[in-house]
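Colleague: After the structure tokens below, expect a handful of questions from me.
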Amino acid sequence: MLKKIVILFALSFTITTCVNGQDFNQIWNFDSLNLKGTYNSFQLPPSFASVYLNDSIYSGYGGRSLQVNAFKIEEGYCGAWINFFAAKNGENNYLDASGYKYISLRIKGAIGGEKFQIQLADKAMYQKEDSRPCQSLYSYLPEGITTNWQELIIPLTDFTGLDITQLTGITFNFTVSGKYTVFIDDLYFKKEIKTILPVSNIQHPKSGNRPLENAMWVWQTYKLFNDLAYRDTFINICKQLQINHVYMQMFYDDNLSKILYADSLRSVIRLCYKDHISVYALDGSPEWGCYEKHEIPITIVKLIADFNSRSSVTEKLVGAHFDIEPYLLLGFSIPDLRKQIIYENLELKKKLSYQCHVNSLTFGIDIPFWYEDSDSTGMPLTNIEFNQSTKAASFHMIDLADHIAIMGYRNFAYGSDGMINKDIAELEYASTIKGKEIWAGVETIIEAPMPFAVFSGIPKERLTGFLSDNSSAIGRKSRFMGYRLLMLQHGNFVHFGLEKSVSKRRSEKRRSELAILQFKKLLSSYIDTFNKGKSFYSLNDYLLNTPWEFKIIRRGKKKPDVSVWHVIVYPTTEKISFAKRTLDEMLIELYKASTLFFDYPAFRGFAFHCYETILGMK
């Protein structure tokens, strides 16, 4: 339905505020990323649209334009959105355009004669997933869209029924069947038709001026040791994807006294060296960020240094790359425990930075994109004082590391939830510090559904006590007896899940069953008699109403202590991974992102997670 212009794909912007007495208000000239790259296309198949910032075609003497490609057929709809507000913590700051009479933009077509509607929305329309059209473009441009830049000026009064004190966005809606390419630049509100608008002369660095230096995680390193054909395929993929940095999982003896398969590893490094591929030792665990586990990664750095001391120049590991995810610890959900976990993790990063640098190793880390997101107070979720400075944990980590991969995993470049918007804060910060190098993470893996035992849980008010229990240290764990933990909050209760073994071996099955019994026993002491029934029904309601995430295999029975459901957990990775996309589709999205990322000196390329799944992409 054409009136429903897919607010689901709406975009969020930070805009120039209206200043009284100013003749115009710039919404976006498409030249800077101060709007976080948050714009997008929308479509209902089989119609299709795409957008990207084009740094070769622009109005003025430099800069960029927004290129919109649309293929409209009778069925479906398509177009592009730009919104005028920034959505933060659920609040929309709408645009007050009451001081202006016109909306203005520069526009041209690839062949001329392109047909589409321009529509505006206010708060009320936005909430209805609707917008108001103006008159035909020919009312404002007698010759229509041509191949030359023209200023399109539309009176705001032509968008009937809108509250111009609360505008939300503009839509380019292709309503006539055909294949179109149009370019849009210099989007403004202005007071008078004759108001002269600024002309851009910004020159952006073209992506071709410096090559991508992509990176890739490799977890099943052992396959490279003895299979020569597998090695050849690996090198060919590295060349195809312009990969110059590889993070390889290492293997150690039980006493953590040496790197295993050292000679085979050296042969793989030699092969990489010939093709200018740097190899980094890869490892990590959420628990390593806790004080009591710091010695493990520090020892690993020392083992890497020892390995290098016994290797030739062409056989050395360039550095250590750590994938430590402290937010997977159960206690990370509690503000006080989270602060302590973050602080201990930063202390570890500081120690590792020192150990790497004294051993002439590059220190690499992975960082999630959301560490700067605001909490309920408006401050960054991970805001913490460290090294005499208070800021988000991710910025502290960038201070300490040399080589940083941002896990802003998305399978699309644009939009408020796209790849560009997720990575931009780290890129901006790192680019203010000489020598910092950032890689934008690209997910290609999709986790298989896994069996879990899910336990009816405890009241929210008892969660801190449970996670702070020093006897079990459960708040400092991401696993229990070796099995992954998960936590589910629903209503006034917090429920827990424990991964079950999929092994057919009897010993492993017994071990898994024992873990379930032990965790149930641990949880039982935190459930009082009054809440037992309520907890049961809370979990029952949650599981029954989330069928896309949980498939119930065996429903729990109401018991006097803790009830246990046996379920299959389905990973929610629809917008995160390129696993269900083609290699070409992935590369198109990365190209879109790279044209903007190259504005930042710290950007080096993309980091693919991971080689084992890249192999299966076509």
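The values are calculated or read from the model by the stated rules, or taken from the named source; none is laboratory data. Just so we're clear, the structure is a prediction, and the values are computed from it rather than from any experiment. Glycine gets a Cβ as well: all are built from the backbone with ideal geometry, and neighbour counts include every protein chain shown. Heads up: the accessible areas ignore ligands, DNA and RNA and are worked out on the full protein's heavy atoms, side chains in. Shrake-Rupley method; radii C 1.70, N 1.55, O 1.52, S 1.80 Å.
Colleague: Provide the descending list of Cα extents for the chain along its principal axes, expressed in whole angstroms.
Modeller: Rounded to whole Å, the extents work out to 79, 68, 51 Å.
Colleague: Quickly estimate the mean residue ellipticity at 222 nm for the chain, helices only: each DSSP H run with n ≥ 4 gives -39500 (n - 2.57), and the total goes over all residues, rounded to 500. Before the final figure, lay out each step's value.
Modeller: Working: 13 runs with 151 residues, N = 618.
That comes out to -7500 deg cm²/dmol.
Colleague: I would also like to ask the following. Got a number for carbon plus sulfur as a percent of the chain's accessible area, 1.4 Å probe?
Modeller: Working: 14160 of 27490 Å².
Carbon and sulfur together cover 51 percent of it.
Colleague: Something else now. Kindly express, to the nearest 10 degrees and within the range 0 to 90, the angle between helix 335-358's C-alpha long axis and the longest C-alpha principal axis of the chain.
Modeller: Its long axis makes an angle of about 80 degrees.
Colleague: Check the straight Cα-Cα distances from residue 509 and name the aspartates and glutamates below 17 Å, setting aside those fewer than 8 residues away within the same chain.
Modeller: 499
Colleague: Shifting gears a bit: Sequence gap at least 6, Cα distance under 8 Å: using those rules, report the relative contact order of the range 451-514 to the nearest whole percent.
Modeller: Values: 80 pairs, mean separation 23.6, N = 64.
Relative contact order here is 37 percent.
Colleague: How high is the relative contact order of the chain, in percent, with contacts defined as C-alpha pairs under 8 Å that are six or more residues apart? The partial results should precede the final answer.
Modeller: Values: 1319 pairs, mean separation 80.9, N = 618.
Value for the chain: 13 percent.
Colleague: Provide the net charge surrounding residue 166, with neighbours chosen by a C-beta distance below 11 Å and charges set as Lys +1, Arg +1, Asp -1, Glu -1.
Modeller: Working: positive: 123; negative: 96, 122, 163.
Taking every other residue near residue 166 into account, the sum is -2.
Colleague: Below 23 Å Cα-Cα, how many Lys pairs turn up in the range 179-318? Only count pairs eight or more apart in sequence, or on different chains, if you could.
Modeller: So the count works out to 13.
Colleague: Solvent-accessible area per residue for the chain at a 1.4 Å probe radius, Å²? List each step's numbers first, then the result.
Modeller: On the way: 27490 Å² over 618 residues.
For the chain, the per-residue accessible area is 44 Å².
Colleague: Where does each of 108, 349 land when they are ordered by accessible area, with a 1.4 Å probe and the largest first?
Modeller: Details: 108 35, 349 5 Å².
Final ranking, largest accessible area leading: 108, 349.
Colleague: Per the Cauchy relation, a quarter of the hull surface: what is the mean projected area of the convex hull of the alpha carbons in the range 432-497, in nm²?
Modeller: The number I arrive at for the range 432-497 is 8.6 nm².
Colleague: Output the pairs from 123/460; 500/521; 460/557; 351/460 with a Cα-Cα distance over 24 Å in this structure; if there are none, say none. Show your work: numbers first, answer last.
Modeller: Details: 123/460 36 Å; 500/521 17 Å; 460/557 22 Å; 351/460 36 Å.
From the list (123/460; 500/521; 460/557; 351/460), the Cα-Cα distance tops 24 Å for 123/460; 351/460.
Colleague: Using a Cα-Cα cut-off of under 16 Å, which aspartates and glutamates could be cross-linked to residue 558, ignoring same-chain neighbours fewer than 8 residues away?
Modeller: Partners found: 528, 541.
Colleague: So, one more: Please name which of 609, 256, 199 has its Cα lying farthest along the dipole of the chain towards the positive end, using unit charges on Cβ (Lys, Arg +1; Asp, Glu -1) and the Cα centre as origin.
Modeller: Most positive-ward Cα: 256.
Colleague: Which whole-number percent is the relative contact order of the range 67-196 (Cα, under 8 Å, 6+ apart)? Please report the intermediate quantities before stating the final value.
Modeller: On the way: 288 pairs, mean separation 59.2, N = 130.
Taking the mean separation of contacting Cα pairs over the length of the range 67-196, I get 46 percent.
Colleague: Can you tell me the FRET efficiency between residue 148 and residue 179 if r is taken as the Cβ-Cβ distance and R0 is 22 Å, rounded to the nearest 0.05? Kindly include the intermediate steps, with their values, before the conclusion.
Modeller: Numbers: r = 20 Å, r/R0 = 0.92.
About 0.60, to the nearest 0.05.
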